[in-house]
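Asker: Dumping the structure here so I can ask a few things about it.
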Amino acid sequence: EKCIVLICRNYKGDVDMAEIDHFLPLLMQHEEEGLLCPVLSHGNVHFMWIKHSNLYLVATTNKNSNASLVYSFLYKLVEVFTEYFKELEEESIQDNFVVVYELLDELMDFGFPQTTDSKILQEYITQQGTKLEVAKSKVPTTVTNAVSWRSEGIKYKKNEVFIDVIESINVLVNANGNVMSSDIVGSIKLKTMLSGMPELRLGLNDRVLFALTGRDKGKTVVMEDVKFHQCVRLSRFESDRTISFIPPDGESELMSYRINTHVKPLIWIESVIEKFSHSRVEIMVKAKGQFKKQSVANNVEVRVPVPSDADSPKFKTSTGTAKYVPEKNMVVWTIKSFPGGKEFLMRAHFGLPSVENNELEGKPPITVKFEIPYFTVSGIQVRYMKIIEKSGYQALPWVRYITQSGAWGITIFLTRTSRGASMIT
């Protein structure tokens, strides 16, 4: 298999352009040996790569480069190209060679990342490529400005900022009902519609901040692995935990964090599986909302694995709908609205021609997906959002809280049982 290079930009000229020909054979060799890793080497040249749809984005270096910087840049490339072309794939690169080269020239200079904000890039690199208008060819002040992520002269009739606090929870439960691991990954997203160059200050119920200021009232949270948008003044945060910034215009992620705490499953699952001789299997699943009664989980999906040779599905649910998805060997039970404290049941009946072979298939877990608005598991709160702008206008901050299932949601392992016996998971 030959590696086809769609586009290439050599920033420093210290790595031979032909070196990329070694990348794909190296990748395939490591893959076959089960030793695939994000950094591959050929001689003194190192390949750092990521894959996006049908493309490999590869950075080459012959020095001991900062790997985290390189990977951040590669992922930023994907983000910028997707903003420009909607879909990043072979066709979109081939159809936009001129724009891609212009972007590569602006994103990095002599191996150092430069302007990586797509909103700013779109001010002077347009989809017309070489047909840039004279007015557009003038480099905006944001490129040389200290505030490179925000343009000057922004105006809104109504000044508002919307704050979304979104927490994703992952919980792993074993077949005995014990929580094996749990974590909360949160992000604070902004939609900013503010005129001028406003200065914003965000206050959270941060335990370290409360300790610094001598406060001990109310619930606080301990945030770990905090990551900020480049607009946040890190020195200020490190000295007194103040989150102070000039925001990008429009939508952006201000910060992300992780909270390492014991989390009980918000939707608890119990399952009973019964097998009848060599002909059929019956699955009963009970779901219970273990969150406040005034809250409601939306678009709940309980995904229940079934044997690969199951057929003739029949379902009965106390609420929602159940659907057999044979290509994924699972039943998906969908509940649009799931109030806290409520219990619901789903029964599934399948024909099963070869019961004794099912043990060879392994025991995949039940997974639960959901979203609960106006609620956070960690108890994180936006205490205030101060908006200061030299013209003195009044602005309204709006806050919304959302809890949702994370990348692997609530995962519950179950044990298949024979007739007459049952296992509650």
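Asker: What shape does the range 1-51 take by its C-alpha gyration tensor, where a ≥ b ≥ c are the square roots of the eigenvalues and a/c under 1.5 counts as rounded, a/b above b/c as prolate, and the rest as oblate? Present the calculation step by step, with values, prior to reporting the outcome.
Answerer: Working: a/c = 2.05, a/b = 1.59, b/c = 1.29.
It comes out prolate by the Cα gyration axes.
Asker: Among the aspartates and glutamates, which fall within straight-line cross-link reach of K292, defined as a Cα-Cα distance under 16 Å, with same-chain neighbours fewer than 8 residues apart omitted?
Answerer: E343, E371
Asker: Counting just the Cα atoms, what span does the range 254-297 cover along each of its three principal axes? Round to the nearest Å and put the largest first.
Answerer: 56, 25, 20
Asker: Which FRET efficiency value, to the nearest 0.05, do you get for S337 and K12 by plugging their Cβ-Cβ distance into 1/(1 + (r/R0)^6) with R0 = 60 Å?
Answerer: 0.60
Asker: Over the heavy atoms of K86, what accessible area does a 1.4 Å probe trace out, to the nearest 10 Å²?
Answerer: Accessible surface of K86 is approximately 150 Å².
Asker: Given A287, F350, C37, which one lies farthest toward the positive end of the charge dipole of the chain, if we put +1 on the Cβ of every Lys and Arg and -1 on the Cβ of every Asp and Glu?
Answerer: Farthest along the dipole direction, towards plus: A287.
Asker: In addition: Going 7 Å from the Cα of K227 in the Cα-to-Cβ direction, what parts of the range 246-269 have a backbone nitrogen less than 11 Å from that spot?
Answerer: 255-258
Asker: So if I take the centroid of the Cα atoms in the range 312-347 and the same for the range 1-64, what is the distance between those two points in Å?
Answerer: The two parts, judged by their Cα centres, are 46 Å apart.
Asker: With contacts defined as alpha carbon pairs under 8 Å and 6 or more residues apart, what's the relative contact order of the chain in percent? The partial results should precede the final answer.
Answerer: On the way: 842 pairs, mean separation 68.0, N = 425.
It comes to 16 percent, rounded to a whole number.
Asker: To the nearest 10 degrees, how steep is helix 97-107 against the longest Cα principal axis of the chain, on a 0 to 90 scale?
Answerer: Once rounded, one gets 80 degrees.
Asker: Tell me, what is the FRET efficiency for L345 and K155 to the nearest 0.05, using R0 = 35 angstrom and their Cβ-Cβ distance as r? All intermediate terms of the calculation are to be shown ahead of the outcome.
Answerer: Working: r = 56 Å, r/R0 = 1.60.
Efficiency at R0 = 35 Å is approximately 0.05.
Asker: Same structure, new question: Report the full-extension gain for the segment K191 to K316: residue separation times 0.36 nm, less the Cα-Cα distance, to one decimal in nm. Present the calculation step by step, with values, prior to reporting the outcome.
Answerer: Values: separation 125, 0.36 × 125 = 45.00 nm, distance 4.29 nm.
Taking K191 through K316 to full extension adds about 40.7 nm, to one decimal.
Asker: At 1.4 Å probe radius, can you tell me the per residue accessible area of the chain in Å²? Provide the component values of the computation, followed by the final result.
Answerer: Numbers: 22810 Å² over 425 residues.
Solvent-accessible surface per residue comes out at 54 Å².
Asker: Give the angle, between 0 and 90 degrees and rounded to the nearest 10, that separates the Cα long axis of helix 67-85 from the longest principal axis of the Cα atoms of the chain.
Answerer: Roughly 90 degrees, rounded to the nearest 10.
Asker: Do the sum for the chain: with -39,500 (n - 2.57) for every DSSP H run of n ≥ 4, divided by all residues, what is the mean residue ellipticity at 222 nm, to the nearest 500 deg cm²/dmol? Kindly include the intermediate steps, with their values, before the conclusion.
Answerer: Details: 8 runs with 70 residues, N = 425.
Here the helix-only value at 222 nm equals -4500 deg cm²/dmol.
Asker: Could I ask something else about it? Relative to a virtual label point 7 Å from the Cα of K63 in the Cα→beta-carbon direction, which members of the range 86-120 show backbone nitrogen distances below 16 Å?
Answerer: Counting backbone N atoms under 16 Å from the label point, the list is 108-114.
Asker: A further question on this structure: Which of (i) 1.31; (ii) 1.21; (iii) 0.96 is the computed Cα Rg over 2.2 N^0.38 Å for the structure on display?
Answerer: The value matching this structure is (ii).
Asker: What does the charge count near E152 come to, summing +1 for each Lys or Arg and -1 for each Asp or Glu among other residues with Cβ under 12 Å from its Cβ? Could the numbers behind the result be given before it?
Answerer: Values: positive: R150, K155; negative: E123, D249.
Residues near E152 contribute 0 overall.
Asker: Also, quick follow-up: Once the other residues with Cβ under 15 Å from the Cβ of N66 are scored (Lys, Arg +1; Asp, Glu -1), what is the net sum? Working shown, then result.
Answerer: Working: positive: K12, K63, K76; negative: none.
Neighbour charge sum, excluding N66 itself: +3.
Asker: Could I have the simple spin-label model distance between F276 and N299, label points 7 Å from Cα toward Cβ, reported in nm to one decimal?
Answerer: 3.7 nm
Asker: Give K119/K158; K158/K336; K51/K227; K86/K191; K264/K293 a once-over and call out the pairs whose C-alpha atoms are over 27 Å from each other.
Answerer: K158/K336
Asker: Taking the Cβ of S405 as the centre, find all other residues whose Cβ is under 10 Å away and add up their charges (Lys, Arg: +1; Asp, Glu: -1). Don't jump to the answer; show the numbers that get you there.
Answerer: Numbers: positive: K369; negative: E301, E371.
Summing Lys/Arg as +1 and Asp/Glu as -1 gives -1.
Asker: Okay, next question. Report the calculated FRET efficiency for S181 and T126 (r = Cβ-Cβ distance, R0 = 56 Å), to the nearest 0.05. Numbers along the way, then the final one.
Answerer: Values: r = 48 Å, r/R0 = 0.85.
FRET efficiency, S181 to T126: 0.70.
Asker: Using a 1.4 Å probe on the protein heavy atoms, what percent of the accessible area of the chain belongs to carbon and sulfur? Walk me through the numbers on the way to the answer.
Answerer: On the way: 11660 of 22810 Å².
The computed percentage sits at 51.
The values are calculated or read from the model by the stated rules, or taken from the named source; none is laboratory data. These numbers come from a predicted model, not from an experiment. A quick note on method: Cβ atoms are made from the backbone with ideal geometry, for glycine too, and the neighbour counts reach across all protein chains shown. For the accessible areas, the whole protein counts, side chains as well, though only heavy atoms, and no ligand, DNA or RNA atoms are used. Shrake-Rupley method; radii C 1.70, N 1.55, O 1.52, S 1.80 Å.
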